[in-house]
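These notes concern the structure reproduced below.
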Amino acid sequence: MKIAPSILSANFAELAKDVQVVEEAGAEYLHIDIMDGHFVPNLTFGAKLVKDLRPYSKMVFDCHLMVDNPEEVIPDYVDAGADIIGVHYEATPHLHRALDMIKKAGVKAEVVINPGTPVSVLSEVLGMVDQVLVMTVDPGFGGQKFLPETMDKVRELVRIREEKGYTYEIEVDGGVKDHTIKDCAAAGVDVAVAGSYVFDAENPAEKIDTLRLSANE
Ligand code: DX5
Ligand code: ZN
């Protein structure tokens, strides 16, 4: 399983340093949470931060857009150097258009669903996406409790991928820790995001090792 530390829980005043620590620890993806204060009740940062951070890291930049009408800002994240751009099913009536914009720009397209949203609504886009993100908490904040019932959706996505011959990776985000990552691994998750578990620790690199070991047990 790939590990994607979320910088939401990093120290924003020492961001480049925190990013370097998780990169040296072998994290494959850097998960970047963009929140607009409308789609979710919290506000983070925009495309400029992604652009400024880009020269500091070779990790895959996984930009999770928690913004209304993401199609309006997708070009900014493409220009900033995102490798994956994730848009929420719940955030736009133009889901296909948004995913198509990302793909046409040569960036990997990801669709995201909240805990209250079923996999069935994604039937028309699963064939076109590179990644599906199943939220394992309601988005907006770090440090929330993992919702184990979301693992049914992961299993459903594994089954659909096999049946239809699709190629998407399955990612989870929220409440991932040493014990919950075991459920994720058992369900078939490919990429696990972890924010507070990694960055609230004295030694983030050690936490990444622990996650990897727990996932492979
Ligand atoms: C939540 C964000 C997550 C967050 C996860 O809305 O999308 O990426 O950083 O934080 P933890 O791992 O602390 O639940
Ligand atoms: Zn996220």
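Being touching a residue at least 40 places away in the same chain (Cβ under 8 Å), buried (at least 23 other Cβ atoms within 10 Å of the Cβ) and touching a Pro at 6+ places or on another chain (Cβ under 6 Å) is true for just one of A4, A27. Which residue is that?
A27
For I208, state whether it is out of contact with any Ser or Thr (no Cβ under 6 Å at 6 or more places or on another chain), crowded, with 17+ Cβ neighbours inside 10 Å and at pLDDT 95 or above. Yes. When each of E156, E217 is tested for being more than 16 Å from ligand 1 (Cβ to nearest atom) and at pLDDT below 95, the lone residue that passes is E217. Suppose the filter is touching a residue at least 24 places away in the same chain (Cβ under 8 Å) and either crowded, with 23+ Cβ neighbours inside 10 Å or more than 14 Å from ligand 1 (Cβ to nearest atom) (or both); does G165 pass it? No: the conditions fail for G165. Against the condition in a helix (DSSP H, G or I) and either closer than 23 Å to A16 by Cβ or out of contact with any Pro (no Cβ under 9 Å at 6 or more places or on another chain) (or both), how does D68 come out, does it pass? For D68, the condition - in a helix (DSSP H, G or I) and either closer than 23 Å to A16 by Cβ or out of contact with any Pro (no Cβ under 9 Å at 6 or more places or on another chain) (or both) - is not met. Scanning the stretch 189-211 for residues that are closer than 25 Å to L157 by Cβ and acidic (D, E) turns up just one, D190.
For L133, the criteria (1) surrounded by fewer than 20 Cβ atoms within 10 Å (Cβ to Cβ); (2) closer than 24 Å to E72 by Cβ; (3) within 15 Å of ligand 2 (Cβ to nearest atom); (4) not aromatic (F, W, Y) hold in every case but one, which is (1).
Taking the criterion of being more than 13 Å from ligand 1 (Cβ to nearest atom) and out of contact with any strand residue (DSSP E or B) (no Cβ under 7 Å at 6 or more places or on another chain), the residues of the stretch 19-42 that qualify are Q20, V21, E23, E24, A25, G26, H38. Considering the stretch 50-65, the residues that are part of a loop (DSSP other than H, G, I, E, B) and not polar (S, T, N, Q) include one that is nearest to ligand 1 (Cβ to nearest atom), namely M59.
The values are calculated or read from the model by the stated rules, or taken from the named source; none is laboratory data. A quick note: this is a predicted structure, and the numbers were derived from the prediction, not measured. No Cβ is skipped: glycine too gets one built from the backbone with ideal geometry, and neighbour counts run over all protein chains shown.
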